[in-house]
Amino acid sequence: MVFEVMKVPTTPFEGQKPGTSGLRKKVKVFVQPHYLQNFVQATFNALTPEKVKGATLVVSGDGRYFSKDAVQIIIKMSAANGVRRVWVGQNGLLSTPAVSAVIRERVGADGSKATGAFILTASHNPGGPNEDFGIKYNMENGGPAPEALTDKIFENTKTIKEYLIADELREVDISTIGVTNFSGPDGPFDVEVFDSASDYVKLMKSIFDFELIRKLLSSPKFSFCYDALHGVAGAYANRIFVEELGAQQSSLLNCTPKEDFGGGHPDPNLTYAKELVERMGLGKSNSGVEPPEFGAAADGDADRNMILGKRFFVTPSDSVAIIAANAVGAIPYFSSGLKGVARSMPTSAALDVVAKSLNLKFFEVPTGWKFFGNLMDAGQCSICGEESFGTGSDHIREKDGIWAVLAWLSILAYRNKDNINGDKLVTVEDIVRQHWATYGRHYYTRYDYENVDAGGAKDLMANMVKMMSSLDEVNTIVKGARSDVSKVVNADEFEYKDPVDGSVSKHQGIRFLFEDGSRLVFRLSGTGSEGATIRLYIEQYEKDPSKIGRDSQEALAPLVEVALKLSKMQEFTGRSAPTVIT
C-alpha cells in the first residue's frame, strides 16, 4: 500500500515536563485532539536525523487503556517522519525491561537493530478510561532518554506548529505475528509484529541457571506464587515460570494482562497486592491454608517487584543488598565478580555495608534509572536498586522485576542445592535473617502522601530547606518530640555529580542525618499524574544481634514521630495519615 504524508496544523501545549519516567496524564488528557501527536512529533524533532530517518523503532507498552490506539497513531507518525520500520510486541505488549532488551539484543532478519523506543506506560499507576496513561522515549542503549533530550522535547511541545502523519495508512493487525509492508515518499516502510517474550526469555536463560531453579521448583517442599496484578508481566509469567521452570499453573495469580489492570492498582506493595499478601500469610485474615514458601508481584509494566517469604516481607532495600551479597556464587552471569553496586539516595544503606565488606565500588545516585545506566555504560556498576521496588543489573538499562524474582529463586536454589531432599529447605526468611546477622539490619519504611495539594507540598519542602540552616532549632524540635531519638548532626539537599558525564543534579531530596546513623529523607515524587506525592523515608541502623528481630514499624515509631513534627506534615498537607506505608 502507498501512503502519503500529511502536515497537520496544531497548537503547542503546556504539558508536564517529561522526565526519565516520561509524560504521564489522565487518559482524558491524552485523548484530546493532537495531544499525543504533539508529544510524539516533539520527540522526533528533538532526535538527531539518523535516529529517525531510515531508523528502526520499537513501539509497545504495558497494554493499559488507550495503548492500542496510541500504537496505531505512532506507527502512522513514524511512517510520515521517515522511519524505516517499526517493531511492535504482539498485542502491543512489551514490558519496560523487555523493551530495553529488544533494543540491545534483537536483530532483524535484514540485520537491523533498533535505535530507540516509544514505551506506552504509566508504570505502577492505575489504568482505565478514567485513569492514567503515559509515554516515554528510550535510547539506543535501551535506557531512558537523558535530561538534555527530555528538556528539548519539553521545549518543542511548547512551540510546535504542526505534526506529520500518514493518516490514510491502514491500521496494522497487532494481534498477529508477521510483517506488514507499505510504500511511502521515502521508500519502503514496514511494521513487524513479533512475539513479546522470546527475546526476553532468551536473555534470562543466558543469565540464570534455569536447570538449578527448576530443581528447586520441583521440590515437594518448595511452593511458589507470582502475581502480575493483571499487568504486562502476565505475558512472560507462563513462559518463564511454568513452561521453562516447571512451576504449577496454579502458582500464577492475575496473569492475564488487562487494560484496566482488573480494576486494581498495579503497584507491587503490601497495600495494593492484597491477594498475594493474603496468600503469603501476611494479611489480616487467617484462612488456615499454609502459605507458599516464596511469593512475588510485579507492577503494570513489570519493571518493579515485591519479594515475599512465608509470612515474611523483604524490603526492596534489603533485597538489592542480599542479591549483591549472593550474586557471584548464585548467578552465573556474575561468576567472574561484580564491577560495582549502586543505590538511589533514599534507599537504605544496607547495600553500602555489603559493598564495604566485599570491597566493591559503591555509588549513591539520585532517583532515576538513567544515573545507573551511565555507570553501567561506563563499566562501573553490575547491580543496583531503588527502595521503590526497583532492582536491576547491567544486562539491560532499566529496572527489571522478573529478573529480580529469578535472582531470588537463584539464591534459594543455590542455598538449597545440596539439600533439596533434606528435612527442611533454607527459606526466604532464613536468608534475610542470616544477612542481618552478618551485616546488621537497616530498619526502614516509606510513607507516601499521594495527590496532595502541589502548593502545600512545595511549601512543606521550602520550610524544611529553611530549617536546615539551624541544627540547634532542628534538634530542639527533635528532643521536644522524642527524647530517646539521637541528635541531628547534618542536614542537606542531596546533590550528585555524575562521575561519567560530569552533569550535576541538584535538589534531589532533603536529608536529616542523625548521630547514630539514622536518616530521614523527604522527596517530591514525579510519578503521579495529578497533584503531588510527598515521600518520607525513615531508616535506623542496628548492629546489635539481640535487637535485629523487632517489628519494623515499632522500631521506627520514634523517628516517625520526629519526622511528622519536623515537617509539619498535617499542617502543610491536611493529611493525618499517609496513603501508603511500605
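The values are calculated or read from the model by the stated rules, or taken from the named source; none is laboratory data. On a predicted model such as this, the values are computed, not experimentally measured, just so you know. In this analysis, Cβ positions are derived from the backbone assuming ideal geometry, glycine residues included, and neighbour counts consider all displayed protein chains. Ligands, DNA and RNA are excluded from the accessible area calculation, which covers all protein heavy atoms including side chains. Shrake-Rupley method; radii C 1.70, N 1.55, O 1.52, S 1.80 Å.
Multiply the residue gap between Ala109 and Asn419 by 0.36 nm, knock off their C-alpha separation, and tell me the result in nm, one decimal place.
Value of the extension gain: 107.0 nm.
Modelled label-to-label distance, Asn451 and Glu155, 7 Å Cα→beta-carbon offset: nm?
3.6
What size of dipole, in debye to the nearest 20, comes out for the chain about its Cα centre when the only charges are +1 on Lys and Arg C-beta atoms and -1 on Asp and Glu C-beta atoms?
500
Which value, in Å² and to the nearest 10, is the accessible area of Asp453 when all protein chains are kept and the probe is 1.4 Å?
110
Arranged from highest to lowest average of other beta-carbon atoms within 10 Å per residue, in what order do the peptides 26-38, 299-311 appear?
Ranking, from highest mean packing down: 299-311, 26-38.
Hey, what's the chain come to in accessible area per residue, 1.4 Å probe, Å²?
38
Please find the FRET efficiency linking Asp260 to Val31, where r is the Cβ-Cβ separation and R0 is fixed at 22 Å, and quote it to the nearest 0.05.
0.90
Once you have a ≥ b ≥ c as the square roots of the Cα gyration tensor eigenvalues for the range 326-446, tell me rounded if a/c is under 1.5, and otherwise prolate or oblate according to whether a/b is larger than b/c.
It is prolate, given that a/c is not under 1.5 and a/b is the larger ratio.
Assign unit charges at the C-beta atoms only (+1 for Lys and Arg, -1 for Asp and Glu), then state the dipole size of the range 370-502 relative to its Cα centre in Debye, rounded to the nearest 20.
440
Of the options Ala491, Pro220, Tyr163, report the single residue whose Cα projects farthest towards the positive end of the charge dipole of the chain (beta-carbon charges: Lys, Arg +1; Asp, Glu -1).
Among Ala491, Pro220, Tyr163, the one farthest towards the positive end of the dipole of the chain is Ala491.
Given axes a ≥ b ≥ c from the Cα gyration tensor, I'd like to know whether the range 112-173 is rounded (a/c under 1.5), prolate (a/b larger than b/c) or oblate.
rounded
Roughly how big is the range 4-195's charge dipole about its Cα centre, with Cβ charges of +1 (Lys, Arg) and -1 (Asp, Glu), in debye to the nearest 20?
400
Rounded to the nearest percent, how much of the accessible area of the range 199-439 (1.4 Å probe, protein heavy atoms only) is carbon and sulfur?
The computed percentage sits at 46.
Please state the relative contact order of the chain as a whole percent: Cα pairs under 8 Å, 6+ residues apart?
13
Can you send over the carbon and sulfur percentage of the accessible area for the range 443-581, probe radius 1.4 Å, protein chains only?
In the range 443-581, the share of accessible area belonging to carbon and sulfur is 46 percent.
Which value in nm describes the separation of the simple spin-label points at Lys356 and Thr579, placed 7 Å from the Cα toward the beta carbon?
3.6
Want the number for Asp551 to Lys53: 0.36 nm per residue separation, take away the alpha-carbon distance, what's left?
173.5 nm
Could you work out the relative contact order of the range 443-581? I mean the mean sequence separation of Cα pairs under 8 Å and 6+ apart, divided by the number of residues, in percent.
Relative contact order here is 38 percent.
Summing -39500 (n - 2.57) over the DSSP H runs of n ≥ 4 in the chain and dividing by its residue number, what mean residue ellipticity at 222 nm do you reach, to the nearest 500 deg cm²/dmol?
-9500 deg cm²/dmol, from helical runs alone.
Compute the length gained on full extension between Ser483 and Ser183: take 0.36 nm times their separation in residues and subtract their Cα-Cα distance, giving the result in nm to one decimal.
Roughly 100.5 nm would be gained on extension.
Tell me which of Gly63, Thr11, Phe44 sits at the most positive position along the dipole axis of the range 4-195, charges placed on C-beta atoms (Lys, Arg +1; Asp, Glu -1).
Thr11
Carbon-plus-sulfur fraction of the accessible area of the range 4-195, 1.4 Å probe, in percent?
Ligands and nucleic acids excluded, carbon and sulfur reach 49 percent.
Taking R0 as 45 Å, what FRET efficiency do you get between Leu471 and Arg433 from their Cβ-Cβ distance, rounded to the nearest 0.05?
In this case the efficiency is close to 0.80.
Looking at Val29, Val193, Thr115, which one has the Cα that reaches farthest to the positive end of the dipole of the range 4-195 (charges on Cβ: Lys, Arg +1; Asp, Glu -1)?
Projecting each Cα onto the dipole axis, the largest value belongs to Val29.
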